[in-house]
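Some notes on the structure that comes next.
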Amino acid sequence: MIALEKSHKIAKHFINTVGHTPLVELGNIFNKPGVKVFGKLELANPSGSVKDRTAMNILREAIATGEIQPGDTIIESSSGNMALGLAQACLYYKLQLVVVVDPHINQHTEKLLRTYGAKIVQVKSPNENGGYLGARLKKVQQLLLDIPNSYWSNQYGNPNNPLAHHDTMTEIMEALNYKVDYLFIAVSTCGTIMGCADYIEKNNINTRIIAVDAIGSVLFGGSPGERIIPGHGASVPSQFLDSSKLWDHVEVSDLDCVLGCWSLLKKEGILCGGSTGGVVSAIQKYEYHLPDNSNCVLLLCDRGDRYLDTIYNREWLLKKIAGVKNHLNPIGGW
């Protein structure tokens, strides 16, 4: 068991609490003897996800270069977590925020965004080729023309997205004395995974990165299809992805994400969101390919409380996720 030193420092501002998240050994959920799996508790960030790092780094750098000023409007397309990270940061930096969403946004996230003061613009239907993401990005471009002093934070192409995760990797490597054999990361914009990959390449580290993608995503050349669980996968290609820097990729279904979430909750007591559940299921599928004495790390990307009406709700699961009853009956309070 890795014992992390407790910090007793007092943060001057909330932005100083982004990052430096704990690493926890997951000793109950995986089955292969001799393989250790550690979770990076990104859900401990102030708005509850790894996207706090991305949002803060993008805004901080844009302010430093003079691209945005207090009172300006930030515009972003987001399925939830990036929007929440931006919402808290915009309040601190005295910026306005407009978030472009689609019908898949869950009600809890929408309530949080409105509480933070974000304006929400929803697209109603997907583009023929780019799906809902394509429709959201088209709306972003329209809003940039319509709103004076507006700035697109652009989590899909801003280089300060992957750069934010050099710090993530530094924290992981220092906690495990640079002994990380495999790193499993859910992909969507691919900013997180490529930031980690760039750090590994730059520092000549032998860590092998496994991308976890959604069935129905086009990131690795698959055919576009319906995806119910948000937060991973994409309907348009990534501007960041360089698959030559990755060791492998695993595809997971919506059901896999649900199973992983409930397994993590019941066996480790950790309530996480859907993309993390997908990574848990991916490791369970992959673990017998892992050599003995391997150290593996995954990001526990976000808190699960915003999924109480979906992934952790019996009626929603039975309605939306095919085959769930045969796998998860009974669970929780069912």
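Conditions (1) over 13 Å from the mean Cα position of the chain (by Cα); (2) farther than 18 Å from residue 21 by Cβ; (3) of a type in the set (Asp, Glu), marked per residue:
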residue: 154; (1), (2), (3): yes, yes, no
residue: 157; (1), (2), (3): yes, yes, no
residue: 160; (1), (2), (3): yes, yes, no
residue: 165; (1), (2), (3): no, no, no
residue: 175; (1), (2), (3): yes, no, no
residue: 181; (1), (2), (3): yes, yes, yes
residue: 185; (1), (2), (3): no, no, no
residue: 188; (1), (2), (3): no, yes, no
residue: 191; (1), (2), (3): no, no, no
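For the stretch 30-78, enumerate the residues that are among the charged types (D, E, K, R), outside any loop (DSSP other than H, G, I, E, B) and within 30 Å of residue 288 (Cβ to Cβ).
36, 40, 42
So that you can scan it fast, the table gives a plain yes or no per residue for (1) under 20 Å from residue 317 (Cα atoms); (2) surrounded by 16 or more Cβ atoms within 10 Å (Cβ to Cβ):
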{"residue": "241", "(1), (2)": "no, yes"}
{"residue": "252", "(1), (2)": "yes, yes"}
{"residue": "264", "(1), (2)": "yes, yes"}
{"residue": "276", "(1), (2)": "yes, yes"}
{"residue": "280", "(1), (2)": "yes, yes"}
{"residue": "285", "(1), (2)": "no, no"}
{"residue": "291", "(1), (2)": "no, no"}
{"residue": "299", "(1), (2)": "no, yes"}
{"residue": "305", "(1), (2)": "yes, no"}
- Check residue 305 against each of (1) closer than 30 Å to residue 207 by Cβ; (2) within 16 Å of the chain's Cα centre (by Cα); (3) modelled with pLDDT under 95 and name the one condition it does not meet. (1)
- Among 4, 86, 41, which is hydrophobic (A, V, I, L, M, F, W, C), in contact with a helix residue (DSSP H, G or I) (Cβ under 9 Å, 6 or more places away or on another chain) and modelled with pLDDT of 95 or more? 86
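Does the stretch 91-105 contain any residue that is of a type in the set (S, T, N, Q), modelled with pLDDT of 95 or more and under 20 Å from the mean Cα position of the chain (by Cα)?
Within the stretch 91-105, not a single residue is of a type in the set (S, T, N, Q), modelled with pLDDT of 95 or more and under 20 Å from the mean Cα position of the chain (by Cα).
Residue 248: surrounded by 21 or more Cβ atoms within 10 Å (Cβ to Cβ), more than 15 Å from the chain's Cα centre (by Cα), acidic (Asp, Glu) and in the same structural domain as residue 176 (by TED's automatic domain parsing), yes or no?
no
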- Task: Hey, could you check the stretch 216-230 for residues that are β-branched (Val, Ile, Thr) and farther than 17 Å from residue 243 by Cα and say which is surrounded by the fewest Cβ atoms within 10 Å (Cβ to Cβ)?
- Result: 228
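The values are calculated or read from the model by the stated rules, or taken from the named source; none is laboratory data. Predicted, not measured: the structure shown is a model, and the values here were computed from it. For neighbour counting, all protein chains shown are included, and Cβ atoms are generated from backbone atoms with ideal geometry for every residue, glycine included.
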